[in-house]
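The values are calculated or read from the model by the stated rules, or taken from the named source; none is laboratory data. Computed from a prediction, not measured in an experiment: that's the story for all the values here. Here the Cβ positions follow ideal geometry from the backbone for every residue, glycine too, while neighbour counts run over all protein chains shown. Ligands, DNA and RNA are stripped out before the accessible areas are found, and what is left, the full protein with its side chains, is counted by its heavy atoms. Shrake-Rupley method; radii C 1.70, N 1.55, O 1.52, S 1.80 Å.
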Amino acid sequence: MTSLLVIIVLVLLAVALWQLTKIFDLTQVGASSDDSQVASDNDNNVQGYIMFGFLAFIYIFTIYGLLKWGNLALHTPASEHGLLVDNLMNITWVLIFTVQVITQGLLYWFSFKYKGNKDKKALFFADSNKLEAIWSIIPSVVLAILILYGLYAWNNIMFVDKDEDVVEIELYAQQFKWTARYAGNDNVLGKANVRLIEGVNTLGVDMSDPNAQDDIVVTELHIPKGKKVHFKMRSQDVLHSAYFPHFRAQMNCVPGMVTEFAFVPTYTTAEYRELPFMVEKVANINKLRAAKSVELIAKGGTALDPYTFDYLLLCNKICGASHYNMQMKVVVDSPEDYKKWLSEKTTLAQDIKAAAAAEKPAEGAASTTDTTAKVKDTVKAVIDTVKAAVAKVAVK
């Protein structure tokens, strides 16, 4: 409501200013004025200085933005290939800022230097082969280098040797949650199809496939430090995107096909929490949350819980109304802790058997209840018949 009132006030203020300018124009009737609508030398000088003012604004705001919000960017990568991605990104940023500073400076300098002047005549020429060559060859060479480096980085990141020792995990996306499926002891994921989704088998795993018998389904992702994790991704409904920001990994999850991504974690969750920049960041967040909690409590609300850093798997595609909440906690364990955690999980086959066993007693209990009810009804009918006969005899 407050925002609406502010907007209404601003609109009314703009209308008032517009009316004032019209009144001012009416007061100038009869005064000498230039109605030719052709810019004078004074107009051109003013425009030239405004150009320089806008150039200063661009540079100042760019520097301010780097100082003000530069600390919000992702910091130390938590995967082996993360450094390669960050290097490519940093090179791109340096090129963008360099080109921006040079081109914007030249653009506004030339706008000022060659502003309109009645004593000067513009020089016209049809073309310049030299200029054409400069602004065509230089960008082409720079982009070619960037693209080649990008392809080199992409091939290194995406390459997974078929004989390489990796952890096979499936990420299953659906509105609006993630589910993970581990390949088990054989390290081979069983076949799956959405048409097979039923009951406990929410991923549609084909339980007739021998490789599926030791698959493990979980809702919290654990991965071991120092070992390559090979993710295979599926989507049940719409286009999702599996995004691991701290691992510099992202891959679309497309309905009807399997996509892949692999990386090697380099910090456990506990180790990443102890990095100096993360300690400082968490302390700053909790300082803000504490201040906000004071406001909430004063209004009769509940205080915010302290923030603790965790790796997250996010959806980076706008997949629906609850897209913002589609996330999964990711825990990077030491290899020993990872094995211990995985050994404590039951397989999908065991879960299905347990669910089936739980249903049978319920069916038996229902059958017994029905039989008991029938017996009670029969006994009641017999008793009623006897009572009626006794009543007739008594009457006689």
Under 10 Å, Cα contacts only: if you run a Gaussian network model on the chain, which one of 329, 228, 292 comes out with the highest mean-square fluctuation? 292
When the charge dipole of the chain is computed with +1 on Lys and Arg Cβ and -1 on Asp and Glu Cβ about the Cα centre, the Cα farthest towards its positive end, among 54, 71, 307, belongs to 307
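Quick check on my link table: of 191/329; 225/340; 162/228; 191/232; 68/281; 225/339, which ones sit more than 18 Å apart, alpha carbon to alpha carbon?
Values: 191/329 25 Å; 225/340 14 Å; 162/228 12 Å; 191/232 12 Å; 68/281 15 Å; 225/339 11 Å.
Over 18 Å Cα-Cα: 191/329.
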Tell me, rounded to the nearest percent, the portion of alpha carbon pairs in the range 166-348 spaced more than 27 Å apart. 36
Any chance you could check the Cα centroid distance between the range 80-154 and the range 161-212 for me, in angstrom? 48
Averaging the inverse of every distinct alpha carbon separation and then flipping it gives the Kirkwood radius. What is it for the chain, in angstrom units? 29.3
Please find, in a Gaussian network model of the chain (springs between Cα atoms separated by less than 10 Å), the residue of 334, 293, 235 whose mean-square fluctuation is greatest. 293
Could you state how much accessible area residue 41 has, in square angstrom rounded to the nearest 10, with a 1.4 Å probe and all protein chains kept in place? 50
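What percent antiparallel are the DSSP beta bridges of the chain, to the nearest 5?
Numbers: 28 of 40 bridges.
Roughly 70 percent of the DSSP beta bridges within the chain come out antiparallel.
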Once all protein chains are kept in place, residue 177 shows an accessible area at probe 1.4 Å, nearest 10 Å², of 100
Need one number: convex hull volume per residue for the range 128-218, Cα atoms only, in Å³. 175
Highest GNM mean-square fluctuation among 300, 82, 204, for the chain with Cα springs under 10 Å, belongs to 300
Probe 1.4 Å, all protein chains present, accessible-area order of 295, 280, largest first: 280, 295
Positive-pole candidate from 261, 282, 200, dipole of the range 166-348, charges at beta carbon: 282
What is the spin-label model distance, in nm, from residue 289 to residue 337 if the labels are put 7 Å beyond Cα along the C-beta direction? 1.9
Can you give me the solvent accessible area of residue 217 with a 1.4 Å probe, rounded to the nearest 10 Å²? 40
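Kirkwood hydrodynamic radius (Cα pairs, Å) of the range 214-253? Can you show the working numbers first?
Working: mean 1/r = 0.0820 Å⁻¹.
12.2 Å is the Kirkwood radius here.
At most 13 other Cβ atoms within 10 Å and a DSSP loop assignment: could you name the trypsin sites (Lys or Arg not before Pro) in the range 30-136 that fit?
Details: sites: 68, 113, 115, 118, 120, 121, 130; in loops: 115, 118, 120, 121.
Passing sites in the range 30-136 are 118, 120, 121.
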